[in-house]
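Asker: Take this structure first; my questions come after.
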Amino acid sequence: QQQVKQSPQSLIVQKGGISIINCAYENTAFDYFPWYQQFPGKGPALLIAIRPDVSEKKEGRFTISFNKSAKQFSLHIMDSQPGDSATYFCAATSGNQFYFGTGTSLTVIP
Amino acid sequence: GAVVSQHPSWVICKSGTSVKIECRSLDFQATTMFWYRQFPKQSLMLMATSNEGSKATYEQGVEKDKFLINHASLTLSTLTVTSAHPEDSSFYICSVVAGGSWEQFFGPGTRLTVL
């Protein structure tokens, strides 16, 4: 059973546009929600993360929106750049239990 | 964040041989490390949790006799793929959890190709 559902599977955005990736979870015990960015042939790198006591967190062009009641969270990439082209994974954690989404392949067209 | 290294970054071996992959936490002591496997264009699949000084905890369906994990120190965990076969070809990634936090930091991965 997929603990974290992520969509879309792939996304193509024009340079300067907004990229939006969505994730949903069921287990209300999850207490930490990170997003990872992975370039081909590299390990994932922590991009931004949020805890369920806040509804939004912004770091530069990256924003996480968190809806606790709906058990959904999303990553927004503002002013998307070709260098943002990568695979993005959401995750939900509880203690040492990590559950990853299936990943979204983002392509930003110049 | 924590700095994690893996060695080698890529390895090619013949079928039937064993391959050891090292995962090092360079700037802090990690009591727990994770080993993942990732197929092309797929998500990370947790293989096992490596605990310093004790036996690793393997996920369901992962053969513990095939994927030997040794976490002998607080900065080093090794994954040995024994009697490797072409179907073991994959991208293997380790990670550490920073003590006292929920953040997980990944190594750069090791590309294993078994001929």
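Asker: Which residue out of B:I93, B:I21 is β-branched (V, I, T), away from chain A (no Cβ under 12 Å), in contact (Cβ under 8 Å) with a residue 24 or more places away in the chain and in contact with a strand residue (DSSP E or B) (Cβ under 6 Å, 6 or more places away or on another chain)?
Answerer: B:I21
Asker: Collect the residues in the range B:99-108 that are surrounded by fewer than 21 Cβ atoms within 10 Å (Cβ to Cβ) and either at the interface with another protein chain (Cβ under 10 Å from one of its Cβ atoms) or modelled with pLDDT of 95 or more (or both), keeping them in residue-number order.
Answerer: B:S101, B:W102, B:E103, B:P108
Asker: Answer yes if at least one residue in the range B:60-81 is under 11 Å from the mean Cα position of the chain (by Cα) and in contact (Cβ under 8 Å) with a residue 60 or more places away in the chain, and no otherwise.
Answerer: Within the range B:60-81, one or more residues are under 11 Å from the mean Cα position of the chain (by Cα) and in contact (Cβ under 8 Å) with a residue 60 or more places away in the chain.
Asker: Take the residues of the range A:86-110 that are more than 14 Å from chain B (Cβ to nearest Cβ) and in contact with a strand residue (DSSP E or B) (Cβ under 6 Å, 6 or more places away or on another chain): which is nearest to B:T32 (Cα to Cα)? If you could, list the steps in order and put the result at the bottom.
Answerer: Our first condition is that a residue be more than 14 Å from chain B (Cβ to nearest Cβ); within the range A:86-110, this holds for A:108-110.
Now drop any that are not in contact with a strand residue (DSSP E or B) (Cβ under 6 Å, 6 or more places away or on another chain), which leaves A:108-109.
Values: A:V108: 36, A:I109: 40 Å.
The qualifying residue nearest to B:T32 (Cα to Cα) is A:V108.
Asker: Quick check: is even one residue across the range A:16-26 away from every other protein chain (no Cβ under 14 Å), touching a Pro at 6+ places or on another chain (Cβ under 6 Å) and either of a type outside the set (F, W, Y) or assigned to a strand (DSSP E or B) (or both)?
Answerer: no
Asker: Does any residue of the range A:82-103 turn out to be farther than 22 Å from B:L46 by Cβ, surrounded by fewer than 18 Cβ atoms within 10 Å (Cβ to Cβ), modelled with pLDDT under 95 and over 10 Å from the mean Cα position of the chain (by Cα)?
Answerer: no
Asker: Among the candidates B:T57, B:T31, B:T49, which residue alone is within 13 Å of chain A (Cβ to nearest Cβ), within 19 Å of A:N96 (Cα to Cα), touching a Phe, Trp or Tyr at 6+ places or on another chain (Cβ under 6 Å) and hydroxyl-bearing (S, T, Y)?
Answerer: On the way: B:T57 fails: touching a Phe, Trp or Tyr at 6+ places or on another chain (Cβ under 6 Å); B:T31 fails: touching a Phe, Trp or Tyr at 6+ places or on another chain (Cβ under 6 Å).
From the options B:T57, B:T31, B:T49, the qualifying one is B:T49.
Asker: Suppose we keep only residues that are among the basic types (K, R) and outside any strand (DSSP E or B) within the range A:30-63. Which one would you say is surrounded by the fewest Cβ atoms within 10 Å (Cβ to Cβ)?
Answerer: A:R51
Asker: Residues B:V81, B:V96, B:V11, B:V114: which one is among the β-branched types (V, I, T) and closer than 13 Å to A:G43 by Cβ?
Answerer: B:V96
The values are calculated or read from the model by the stated rules, or taken from the named source; none is laboratory data. These numbers come from a predicted model, not from an experiment. Glycine also receives a Cβ, built like all others from the backbone with ideal geometry; neighbour counts cover every protein chain displayed.
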